[in-house]
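Following: one structure in structure tokens, then a few remarks.
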Amino acid sequence: MSTPAPSPPKAARLKLLAIAAVFAAPMIVAGLLTFAGWQPGGKGYGQPVQPQRNFVDEHLRVSLAGGGDYAWRDPAQPRMTLVALAGPGCAARCFDALSGMAKAWVMLNRNQQRLRLLYLGEPPADPAQQAAVKTYWTFGRDDEGKLAAFRPATADSVSALLVESNGTALAFYPAGFDGTGLMRDVIKVVK
């Protein structure tokens, strides 16, 4: 009976190196891509807030219409905030955008408690629209003007900010944003 000849040490080492390369190659490629600045991720419809801002660290004060200040970090449970910033003279288009954002909140179903709606600006002039907006939105004022860069200058328009539960601004949606895209982003982040 013959025994198989042992494989030469050189061939065994090459096989071991080939196996190691199969496992090491993806990690090396990932490291190179990260070093080059590429970040994987899904398509978001909002613009990233650059430089990153944390409203808690900035002590950004928002006075509520009912009195008191808005707590960016909810003491009861971690909740995100969708901030609507109205331009001058909120009317029909502004009201439509606010209604669309409220629909996104309603679409969250059982996760509604994980998102708060904050409206900064003058309420719509029409009393019926004002009452409808107050049904879903908490009204407030940016007393120090720290969010002025995000507020649209165009009349009858609204922009939005999506803020993480720790007070970090995640995404900015300028006036004229895609309401469906905002809804998708909110559903994706809040679920």
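The values are calculated or read from the model by the stated rules, or taken from the named source; none is laboratory data. From a predicted model like this one, the values you see are computed outputs, not experimental measurements. We place every Cβ from the backbone using ideal geometry, glycine too, and count neighbours over all the protein chains shown. The protein model used for the area step is the full one, side chains on, heavy atoms only, and it has no ligands, DNA or RNA in it. Shrake-Rupley method; radii C 1.70, N 1.55, O 1.52, S 1.80 Å.
Carbon and sulfur atoms: what percent of the 1.4 Å accessible area of the stretch 1-135 do they account for?
Working: 5790 of 9080 Å².
The nonpolar share, carbon plus sulfur, comes to 64 percent.
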Residue-averaged 222 nm ellipticity for the chain, from DSSP H runs of 4+ at -39500 (n - 2.57), nearest 500: -11500 deg cm²/dmol
For the stretch 46-61, Karplus couplings with θ = phi - 60° (6.51, -1.76, 1.60), whole Hz, Gly/Pro x: x, 8, x, 7, 10, x, 4, 10, 10, 5, 6, 5, 7, 6, 6, 9
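Around residue 150, under 12 Å between beta carbons, what's the net of Lys plus Arg minus Asp minus Glu among the other residues?
Details: positive: 53, 146, 151; negative: 142.
In short, +2.
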So who's got an amide H within less than 5 Å of the one on residue 160, skipping anything under 5 residues away but keeping other chains? H placed 1.01 Å off N, in plane. 85, 173
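Per residue, how big is the convex hull around the C-alpha atoms of the stretch 27-108? Give it to me in cubic angstrom, could you? Intermediate values should be presented prior to the final figure.
Numbers: hull volume 17.4 nm³, N = 82.
In the stretch 27-108, the Cα convex hull volume per residue is 212 Å³.
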Taking N as the number of residues in the stretch 89-191, what is its Cα Rg relative to 2.2 N^0.38 Å? 1.03
Angle between the chain longest axis and helix 9-36 axis [Cα atoms, degrees, rounded to 10]: 20 degrees
Where labels lie 7 Å past Cα in the beta-carbon direction, separation of residue 165 and residue 23 in nm: 3.7 nm
Quick check of the Kirkwood formula: for the chain, what is the inverse mean of 1/r over all pairs of different Cα atoms, in Å? 19.5 Å
For residue 166, what charge total do you get from the other residues with a beta carbon under 11 Å from its beta carbon, if Lys and Arg give +1 and Asp and Glu give -1? -1
Nearest 10 degrees, 0 to 90: helix 127-136 Cα axis against the chain principal axis: 40 degrees
Nearest-5 percent of antiparallel DSSP beta bridges in the chain? 65 percent
Hz values of 3J(HN,Hα) by residue in the stretch 181-188 - Karplus curve (6.51, -1.76, 1.60), Gly and Pro given as x: x, 4, 4, 5, 4, 4, 4, 5
Sorted by chain and then number, the residues having a modelled amide H within less than 5 Å of the amide H of residue 55, at least 5 places away or on another chain, are 168, 169
I need the peptides 164-172, 56-64, 93-101 ranked by packing, meaning the mean over residues of other C-beta atoms within 10 angstrom, with the highest value on top. 93-101, 164-172, 56-64
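Summing +1 for each Lys or Arg and -1 for each Asp or Glu, what net charge is found among the other residues whose Cβ lies under 13 Å from the Cβ of residue 56? Write out the running numbers ahead of the final one.
Working: positive: 53, 61, 73, 146; negative: 57, 58, 69, 74, 164.
Net of charged neighbours comes to -1.
Stretched out fully, how many nm does the piece from residue 93 to residue 2 gain, at 0.36 nm a residue minus the Cα gap?
Result for the pair: 23.9 nm of gain on full extension.
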Against the longest alpha carbon principal axis of the chain, how many degrees, from 0 to 90 and to the nearest 10, is the axis of helix 92-107 turned? 50 degrees
Report the charge-dipole magnitude of the chain in Debye, nearest 20, computed about the Cα centre from +1 at each Lys and Arg Cβ and -1 at each Asp and Glu Cβ. 1060 debye
How about residue 103: which lysines have a C-alpha closer than 27 Å to its C-alpha, ignoring those fewer than 8 places off in the same chain? 43, 134, 188, 191
How large is the accessible surface per residue of the chain, computed with a 1.4 Å probe and reported in Å² as a whole number? 60 Å²
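What length, rounded to one decimal in nm, is gained on full extension from residue 13 through to residue 47, with 0.36 nm per residue of separation minus their alpha-carbon distance? Show your work: numbers first, answer last.
On the way: separation 34, 0.36 × 34 = 12.24 nm, distance 5.09 nm.
The span from residue 13 to residue 47 would gain 7.2 nm if fully extended.
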